[in-house]
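The block underneath contains the structure these notes are about, expressed in structure tokens.
The values are calculated or read from the model by the stated rules, or taken from the named source; none is laboratory data. None of these values were measured; they are calculated from a predicted model. With ligands, DNA and RNA removed, areas are computed over all heavy atoms of the protein, side chains included. Shrake-Rupley method; radii C 1.70, N 1.55, O 1.52, S 1.80 Å.
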Amino acid sequence: MKRFALATLAALLLCTSPFAEDNGAQDKAANADEIQIRQLERAWNQAEAKQEVKEVSALLADSLVYTDYDGSFMNKSEYMKWVSAPEQKADHLFDEGLNVQLYGNAGVVTGIYRESGTNKGKRYVIRSRYTDTWIKQDGVWRCVASHSTLIPGK
């Protein structure tokens, strides 16, 4: 009888539980969300560099709060004016890698980006560390907060 009980217990422990399948589905959904956020971050960089206001705006929540590396603070309307400003033009804007942490319908992205271009006729090159917070509402991811910190050149 002890052998039967031990064999039954071993079989139960080795068998896949129904909860493991749910975790697998959750992992797949989380992985899909992470991939989507990574794609949205890259799309944001490309659209901003091309000053594509409509495309950038679609990625951002109306309640966006944006803190730039110089300490300036902008809401979505102010940020969109900055994106489209003719005196500010990025030649290159790309990330050096990013990390996505998901918390249900929230995602926090951290990374470093490099940007070069002209501002008021002067060339610039910056490297900055950033944190973006994304929220998924009605199946759509939008950035609600972004903060950038300049990494001084050596």
List every residue whose amide H lies under 5 Å from the amide H of residue 94, counting only residues 5 or more places away in sequence or on a different chain, with H placed 1.01 Å from N in the peptide plane. 114
Could you list which residues have their amide H under 5 Å from that of residue 151, counting only those 5 or more apart in sequence or on another chain, with H placed in the peptide plane? 127, 128, 129
Give the Kirkwood hydrodynamic radius (Å, one decimal) of the stretch 92-154, defined as one over the mean of 1/r across all pairs of different Cα atoms. 13.1 Å
Taking a 1.4 Å probe, which of 69, 130, 124 shows the most accessible area, and what order do the others take after it? 69, 124, 130
So who's got an amide H within less than 5 Å of the one on residue 145, skipping anything under 5 residues away but keeping other chains? H placed 1.01 Å off N, in plane. 65, 133
